Each structure stands twice: as structure tokens, then as C-alpha cells.
């Protein structure tokens, strides 16, 4: 039997360039998917960290709420490095111990403190509490009034510049002369003569916070309430210092 040779037709040669473009497009698509998933993963991790922080904060708050309540007192004066005289309303004044975690230098007269319910040990220094009525008093960071808006008070403006503006802007002059700086002035006169406007202008030129309060707001029916509001007013003024 004679040998027969068979020829197989493989068809046209493969298009390598088309295959390369096809798989290149697939790779780019998958890279975009990976990038998108990576961004989502980072976003979810950030949200997880934020939620974990909230959980820790809530646990700490829950722990504080479960602790035994404390008395709130006001420091009269430190006695020594380990004891302090505290006034607790309405019980009276007590000499109490200071917790080892409290720095005696942070315990100053008139500051609010927390005392343990069982031993009256001072274990925390509280932030200054300001009466809501005091907080509602008008506070302007830096008023926009100027001396040019005040008419007919040239003499008063000159004097108030020397008494108020000069000590604020150039305190070194008073230190060099060895004299005390003036603490304030009294502006008197009928309504509408520019007293408040002049005070606002001084606050503007000295870049001070302006706190406006009416004397009638400090008149209270209970004895001691008015003086307490005055003390808290000065606390708020120190927090916004320099202030007028």
C-alpha cells in the first residue's frame, strides 16, 4: 500500500496584536475594580476606627455614670501640699485631702472641685461654671465701631486713649516708669450721648473683646446672686481676654 501524505490546513495565522489589546483591556478593567475596592476598604476602615472611638468614649462615659456621685465644692485656700480648705454648699467648710493624681499647683482659690462621696477626697478639678444669664450677655470678638463714628467727644476720646488704649498697646511704658496701669474709667451721662459707642470704639482700636452688660441684669431677688454673677462675668472676661 502506497504511503499517503495528508496536509492539515491550520487556517490563517493568529492575530497576536488583537489578543494583546483584548487582554490589556481586561487588565485595565480589573485594575480599576481593584482600585475601587481598595478605596472602599480604606473608607470602611476609617469608619470602623471612628465607630471604635465612639464606642470607647461611650464606655468611658458609662463607667463615669456608674461611679458613685461626688460632691461639688469651691476651694477657699490650700492649706499645705496635701490638704485644702473647701466650701461645700450647704454643709459648710471642710479641710479635705487631695488625691495623688491632682497637682496642688492646679488647686487655686475659687476653683470648682469634685469630692468623693465617702471620704470627701478632692479627686477632680472641674471647669468654671458660668451662669447662662452671664453667657447670654452680649460678647463681640472685635467691634467694628471706630472713633470717627463718635461725634462731639474729642476731649473724652483723647483722655480715654491715654487711660485705656495706651496701657493695652504699650504696657512697657508703664513698667519703665514704675507706675500701675489704670484698670478702667467711668463714663457718665444721659442716654444717647455716645458712652456705649465710645466703649465699642476703644475695644475696636485695642483689638479687645467687648462685653456689654446692663446694671439691671445684675440685680437679683436673692442675696448673693448678683455678686456671684459679677464674679462669673469676670471669669468669662478672662476667658475672652483681653476684653472690655
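In this label model, residue 25 and residue 50 are separated by 3.9 nm, measuring between points 7 Å along each Cα→Cβ vector. For a footprinting-style exposure proxy, rank 228, 200 by other Cβ within 10 Å, fewest first. The order, fewest Cβ neighbours first, is 228, 200.
Using only alpha carbons, the range 70-125 has a radius of gyration to Kirkwood radius ratio (Rg to Rh) of 0.90. Hey, any idea what the orientation-averaged projected area of the convex hull of the range 21-128's Cα atoms comes to, in nm²? If I average the Cα hull's projected area over directions, I get 10.8 nm². Here the translational diffusion coefficient of the range 19-65 follows from Stokes-Einstein with Rh set to the Kirkwood radius across Cα pairs; for 25 °C and 0.890 mPa s it amounts to 181 µm²/s. A crude spin-label estimate for the pair residue 40 and residue 169, with each label 7 Å from Cα along the Cβ direction, gives 6.3 nm.
Values in this text are rule-based calculations from the coordinates and carry no lab data. None of the values given here were measured: they were computed from a predicted structure. Neighbour counts are summed over all protein chains in view; Cβ atoms, including those assigned to glycine, are modelled from backbone coordinates with ideal geometry.
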